[in-house]
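Worksheet: the structure to be examined is printed underneath.
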Amino acid sequence: MSKNNNKLMVIGGGLAGCEAAWQAAERGISVEIYEMRPKVTTGAHTGGDLAELVCSNSLGSNLKDRASGVLKEELRIAGSLLVECAEKAAVPAGNALAVDRKVFSSEIENRLTGHSGIKIIREEIKHIPDDRPVILASGPLSSPSISQEITKICGTDNLFFYDAIAPIIEYSSIDLNTAYIASRYDKNNEDDGDYINCPFSKDEYEAFVNALTSAQRIPLKTFEADIDSGVQAGKMSFFEGCLPVEVLAGRSMQALAFGPMRPVGLIDPRTGKRPWAVLQLRQDNLSGSLYNMVGFQTNLLHKEQERVFRMIPGLENAQFVRYGQMHRNTYICAPGVLNASLQMIKHPSVFFAGQLCGVEGYMGNIAAGLLAGINASRYINGGKLLTLPDEMISGALFKYISSSDPKHFQPMKANFGILPPLENKTKSKRERYLLYSQRALNKANELFRKE
Ligand SMILES: Cc1cc2nc3c(=O)[nH]c(=O)nc-3n(C[C@H](O)[C@H](O)[C@H](O)COP(=O)(O)OP(=O)(O)OC[C@H]3O[C@@H](n4cnc5c(N)ncnc54)[C@H](O)[C@@H]3O)c2cc1C
C-alpha cells in the first residue's frame, strides 16, 4: 500500500480548494494543496494570492430572505473558514458581504499556513495521481493539462470549456393566460415532453427581434476572445449549435422563427391557430418551479435581458433566477459522474469541488469545497459520506448537480427555486422565502451541531 494513501491532495488554491483543505485538516487529515499561480497564470487572476476573487469583491447578500444570504448562514453554521475570513475582511456594502480582496486572501493564507496539517505547494499539477485521495478544485480556468486529465477520468463528453447559458425563470412568474402548455405535434416524445409555449404574432415577433439585435451585450474579456472569434468566423462547431440568440437573430428577420422559435406543430389550443413564432420553456427542476428558455443562450447585459425578454408574450413579469451568459468556464457534466457527496461514482477516491463541479458563484463554490473536504476526510477515515438535506440551499445545489438531466446540464447557482416545495403554501413571496430560509437553517443547525 502506498505511503500517500492517507495524504489528501487538493488541486487548486482557489475558493473551493482552500475551504476543502481547511475542513479536511481540521478533521485530522494531512493535506497538500497545490496552486499553480503565480508561476502559471489563468489569464483572469492577477497574481499569486490564494482564493483570489477574479471579479466582483461581493460575496452576495447577507439577508436571510435571499438565497445567497441563506447559503452564507448555512456555511457559518457549518464552520466555514472562508466566510469567517470574509467577515474579517469586510468592507461596508449595505446588506451584502463585500471584502477587501487582498485582506481576504491574506487572512486565508495565514490561517492555512498556520495549520500544522496543511502544506501549500506552488506547482501546477498535470496528472491526477491514483495512489492517494484527491480533491479537484482547479476552477473554471483549469490549466489545459489538468483539463485533459479530467477528460480522461470523466469521459470526453463530460467536460465543457465554455458556458452558453440560457436564462432560467420562476414558473410562478409566467402568465399562463397568454402562454400555453403543449408538445410539438401534441406528441409526448423524448425531445418534446411538456413545454410551456409563449406565442408571438408577426408584429410582436418583429418588434422583439429588433429589440434583441440592438440590445447591449457584455464585452468579452481577453482570455475569452477565442469565444468571440470562433463565433464570428462561424468555425467553432460547439458554438454553431449553441449560438447566442442575439447573434442568430442578427442573421435575418426570420432566423429565429425558422430556428429555436419555430412554431410548427404548436397550435395554440385556445385559438386553434399556429402562432407566427413560439418561445418554448422547458422544465428545469424536478419540482417544476423553474423553467429554462429553450435555445436562448445569450450574452446580453442582465438589465437588457430583463427588458427584452419581458417583451415575450406571457413573460411580461418574468422573474429571472439565472441570467443567460457566455464565458470561459470549465466544468464537468456532474449528473452521472458525481454523487451528491461530490465523490466520483467511478473513482471513489476522487472528489470535485467548486465551479468545476457545476456549481456557480463564489458562495456555492465555497460550499462545495466545504462538503468535499468533509467527505474526503470521511473517506480517508473509512466513515460514511455526508449528503446534505435538500431543504438546505447547499444540499439542493448538490442534489441538482448530481441528479438533473445530463442532456441539458448547465451550472446552477444558489436560488430558492431548487428547494423542495413548502408544506404550507403561501402567496406572499417574502413570507415564502422566509419559510424556506427557516427550514434550511433548522436543518443546518440539526446537522452541524452533531458534526
Ligand atoms: C472571469 C470570471 C469572473 C467571475 N466572476 C464572478 C463573480 O463576480 N461573482 C461570483 O459569484 N462568481 C464569479 N465567477 C465564478 C466563480 O464563482 C469564480 O470563478 C470562483 O473563483 C470559482 O471558485 P473555484 O474555487 O472553483 O475556482 P478558483 O477560485 O478559480 O480556484 C481554482 C484555482 O486552481 C488553480 N489551478 C488551475 N489549474 C491548476 C493546476 N493544474 N494545478 C494547480 N492549480 C491549478 C487556479 O490558479 C486557481 O487559483 C467568475 C468566474 C470567472 C471565470
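Please work out which residue is farthest from Cys154 (Cα to Cα), limiting yourself to the stretch 352-388 and to residues that are within 10 Å of the ligand (Cβ to nearest atom) and not in a helix (DSSP H, G or I). Taking the candidates together, the pick is Gly361.
Taken as a whole, the condition of being outside any loop (DSSP other than H, G, I, E, B) and buried (at least 20 other Cβ atoms within 10 Å of the Cβ) does not apply to Gln297. Does Ala78 satisfy the condition of being over 22 Å from Tyr433 (Cα atoms) and aliphatic (A, V, I, L, M)? When the stated conditions are applied, Ala78 does not pass them. Quick check on my filter: what residues within the stretch 17-59 are of a type in the set (Lys, Arg) and either modelled with pLDDT under 90 or under 22 Å from Arg328 (Cα atoms) (or both)? Answer for the stretch 17-59, where residues must be of a type in the set (Lys, Arg) and either modelled with pLDDT under 90 or under 22 Å from Arg328 (Cα atoms) (or both): Arg37, Lys39. Gly13: outside any loop (DSSP other than H, G, I, E, B), in contact (Cβ under 8 Å) with a residue 12 or more places away in the chain and farther than 16 Å from Asp100 by Cα, yes or no? Taking the combined requirement at face value, the residue does not satisfy it.
Scanning the stretch 31-58 for residues that are under 21 Å from Met363 (Cβ atoms), small (Gly, Ala, Ser) and part of a loop (DSSP other than H, G, I, E, B) gives Ala44, Ala51, Ser56. Being in contact (Cβ under 8 Å) with a residue 60 or more places away in the chain, within 30 Å of Gln319 (Cα to Cα), away from the ligand (no atom under 14 Å from the Cβ) and more than 27 Å from the chain's Cα centre (by Cα) is the requirement here; does Tyr171 meet it? Here the answer is no, as Tyr171 does not meet what is asked. Mind listing whichever residues of the stretch 241-250 are farther than 12 Å from Asn210 by Cα and in a loop (DSSP other than H, G, I, E, B)? Answer for the stretch 241-250, where residues must be farther than 12 Å from Asn210 by Cα and in a loop (DSSP other than H, G, I, E, B): Gly241, Cys242, Leu243, Pro244.
Restricting Ser80, Ser58, Ser30 to those that are farther than 21 Å from Glu124 by Cβ, of a type outside the set (Phe, Trp, Tyr) and within 19 Å of the chain's Cα centre (by Cα) reduces the list to Ser58.
The condition of being in contact with a helix residue (DSSP H, G or I) (Cβ under 7 Å, 6 or more places away or on another chain), more than 26 Å from Gly324 (Cα to Cα) and either surrounded by 24 or more Cβ atoms within 10 Å (Cβ to Cβ) or assigned by TED's automatic domain parsing to the domain that holds Val294 (or both) holds for only one of Ala372, Ala367, Ala353, that being Ala372. In the stretch 422-440, is there at least one residue being in contact (Cβ under 8 Å) with a residue 24 or more places away in the chain, within 16 Å of the ligand (Cβ to nearest atom) and either over 20 Å from Cys18 (Cα atoms) or in contact with a Cys (Cβ under 8 Å, 6 or more places away or on another chain) (or both)? The answer is no, given that none of the residues of the stretch 422-440 is in contact (Cβ under 8 Å) with a residue 24 or more places away in the chain, within 16 Å of the ligand (Cβ to nearest atom) and either over 20 Å from Cys18 (Cα atoms) or in contact with a Cys (Cβ under 8 Å, 6 or more places away or on another chain) (or both). Residue pairs whose Cβ atoms lie under 7 Å apart, sitting 6 or more positions apart in sequence or on different chains, and linking a residue in the stretch 101-115 that is without any contact (Cβ under 8 Å) to a residue 40 or more places away in the chain to a partner that is surrounded by fewer than 18 Cβ atoms within 10 Å (Cβ to Cβ), are Glu107/Lys88. Return the residues of the stretch 32-44 that are touching a residue at least 24 places away in the same chain (Cβ under 8 Å) and either surrounded by fewer than 17 Cβ atoms within 10 Å (Cβ to Cβ) or more than 7 Å from the ligand (Cβ to nearest atom) (or both); say none if nothing qualifies. Glu32, Ile33, Pro38, Lys39, Val40, Gly43 - these are the residues of the stretch 32-44 that are touching a residue at least 24 places away in the same chain (Cβ under 8 Å) and either surrounded by fewer than 17 Cβ atoms within 10 Å (Cβ to Cβ) or more than 7 Å from the ligand (Cβ to nearest atom) (or both). Among the residues making up the stretch 83-94, those that are out of contact with any helix residue (DSSP H, G or I) (no Cβ under 8 Å at 6 or more places or on another chain) and assigned to a loop (DSSP other than H, G, I, E, B) are Pro92, Ala93, Gly94.
Test Gly28 against the criterion of being without any contact (Cβ under 8 Å) to a residue 12 or more places away in the chain, assigned by TED's automatic domain parsing to the domain that holds Ile380 and farther than 19 Å from Asn365 by Cβ, and give yes or no. It is false that Gly28 is without any contact (Cβ under 8 Å) to a residue 12 or more places away in the chain, assigned by TED's automatic domain parsing to the domain that holds Ile380 and farther than 19 Å from Asn365 by Cβ. Here Pro275 does not qualify as over 18 Å from Ala182 (Cα atoms), over 18 Å from the mean Cα position of the chain (by Cα) and away from the ligand (no atom under 16 Å from the Cβ). Mind checking whether some residue in the stretch 59-82 is surrounded by fewer than 18 Cβ atoms within 10 Å (Cβ to Cβ), within 14 Å of the ligand (Cβ to nearest atom) and assigned to a loop (DSSP other than H, G, I, E, B)? No, the conditions are met nowhere in the stretch 59-82. What about Ile120, is it part of a strand (DSSP E or B), within 12 Å of the ligand (Cβ to nearest atom) and surrounded by 15 or more Cβ atoms within 10 Å (Cβ to Cβ)? In short, yes. Pairing each residue of the stretch 133-147 that is at positive phi with any residue that is assigned to a loop (DSSP other than H, G, I, E, B) and modelled with pLDDT of 95 or more, provided the two are 6+ apart or on different chains, yields C-beta distances under 6 Å for Gly139/Gly12; Gly139/Gly14.
For residues that are surrounded by fewer than 22 Cβ atoms within 10 Å (Cβ to Cβ) and either outside any loop (DSSP other than H, G, I, E, B) or not assigned by TED's automatic domain parsing to the domain that holds Met344 (or both), scanning just the stretch 135-150, find the one that is nearest to the ligand (Cβ to nearest atom). Selected residue: Ser145. Each residue in the stretch 317-351 was checked for being part of a loop (DSSP other than H, G, I, E, B) and of a type in the set (S, T, N, Q), and 5 of them qualify.
The values are calculated or read from the model by the stated rules, or taken from the named source; none is laboratory data. Values in this document were obtained by computation on a predicted structure and should not be read as measured data. Neighbour counts run over all protein chains shown; Cβ positions are idealised from the backbone, glycine included.
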